[in-house]
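Q: Dropping the structure in here first, questions after.
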Amino acid sequence: MKLPSSILFLGCWLTRQWQMSRGYYRKPSISVIPSPNVALGGNFYIQCGSGYYKGGTFDLFKGESALHVRSETTLYYTVDFFISEAKLEHGGMYQCRYCFDSTCSHLSDRLYINVTASPKPSISVSPGEVISLEGNASIHCKTEEQQEVEFTLHIENSSYTYESKKMGSGEVLFPIINAKESDGGIYRCSYCLKFEKNQACSNYSDEVHIKVTGGHSIAGHSIAMWAGIAAGLFLSVLLLLILAFVLSRKRKKGSVAKERTRPANIPLQSEPEEDPDGVSYAVLSHSSLNTKPAPDADGIPETCDYATVAHHRAKEGQ
């Protein structure tokens, strides 16, 4: 059985009145399309929705003091607050609510919109993205803005994430002094233009990955140093042993060579050979031991007498 629309409307009205009397209006939802980061001069809209209640008036507020921006009446569950050609002052915190008759809901959650300046800054590392342990480096953040802006360096590593801020015009340097392993990580920078009641910030720059190399700790340095000293001493001792061995071999070779070159002891006169019969022969020379001029070969004939000498025998007749 289908109920008449008048009965349904009456039921919704009674439910709404009961909820308003008990303060049961739920706070609305709030969102921004296409993104909370809005480019300077771009378009966006803030959507506010009741979720359960159709129709009513939606109010949009801005800032901590909930300054009223505008109101929209609709027959639907949501309303869109459209903003074109975004200016820097359009950035900030927004909230909304919806009202039926004179009763309104609580304010929605907070929505933060960032109108970004353009273009994004550039980032570089000098002398390079690889830094030696306890070394120094500089991170350069640059922008085309000529007026003074606030630069923010966003650092993210394995243990924590933090930001560092510095004022400058065009370019600032974020130094890294006596680099530690914790200085390694992902670095990005952005900048914000400051105004009296608002600010406009750029998107993040590209990423640079900084790596700190050269050791893990001071103890590691000490171990490496002593290990190098021990290795040097070992090599020195080894070289000395090799040198001593080579010198010893050279000395041995020199003594052997001297023994080989020394002349053999040759006897002045050889022993006469013994005859098997016990007879020895001797050659008697008539020449004198003194050197004299040789006589004429025709005048004095040379004669030689041979005598037999018997060993261990007495001459006959004696």
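Q: Keeping to the range 137-168, report how many residues are of a type outside the set (Asp, Glu) and surrounded by fewer than 12 Cβ atoms within 10 Å (Cβ to Cβ).
A: Residues meeting the conditions: 8.
Q: Can you name the strands (runs of 3 or more DSSP E) wholly within the range 135-177 that have at least 1 residues being within 22 Å of THR116 (Cα to Cα) and either among the aromatic types (Phe, Trp, Tyr) or touching a residue at least 60 places away in the same chain (Cβ under 8 Å) (or both)?
A: The strands (runs of 3 or more DSSP E) meeting that bar are 137-142, 148-156, 161-169.
Q: So which of GLU196, GLU163 is closer than 30 Å to GLY63 by Cα, modelled with pLDDT under 95 and over 30 Å from the mean Cα position of the chain (by Cα)?
A: GLU196
Q: Do the conditions hold for ASN37, that is, is it touching a strand residue (DSSP E or B) at 6+ places or on another chain (Cβ under 6 Å), polar (S, T, N, Q) and over 18 Å from SER108 (Cα atoms)?
A: yes
Q: Just checking, which of GLU64, GLU85 is acidic (Asp, Glu) and under 18 Å from PRO34 (Cβ atoms)?
A: Going through GLU64, GLU85 in turn, just one is acidic (Asp, Glu) and under 18 Å from PRO34 (Cβ atoms): GLU85.
Q: Where residues in the range 55-100 are part of a loop (DSSP other than H, G, I, E, B) and without any contact (Cβ under 8 Å) to a residue 40 or more places away in the chain, which of them is surrounded by the most Cβ atoms within 10 Å (Cβ to Cβ)?
A: So the residue we want is TYR77.
Q: Anything in the range 101-130 that is among the charged types (D, E, K, R) and either crowded, with 17+ Cβ neighbours inside 10 Å or under 19 Å from GLU64 (Cβ atoms) (or both)? List them, or say none.
A: ASP109, ARG110, LYS120
Q: Please indicate, with yes or no, whether at least one residue in the range 8-28 is more than 30 Å from LYS142 (Cα to Cα) and at pLDDT 85 or above.
A: yes
Q: Could you go through the range 233-242 and let me know if any residue there is farther than 30 Å from VAL38 by Cβ and either of a type in the set (Gly, Ala, Ser) or modelled with pLDDT under 85 (or both).
A: Yes, the range 233-242 contains a residue that is farther than 30 Å from VAL38 by Cβ and either of a type in the set (Gly, Ala, Ser) or modelled with pLDDT under 85 (or both).
The values are calculated or read from the model by the stated rules, or taken from the named source; none is laboratory data. A quick note: this is a predicted structure, and the numbers were derived from the prediction, not measured. Please note: Cβ atoms are built from the backbone with ideal geometry, for glycine as well, and neighbour counts cover all protein chains shown.
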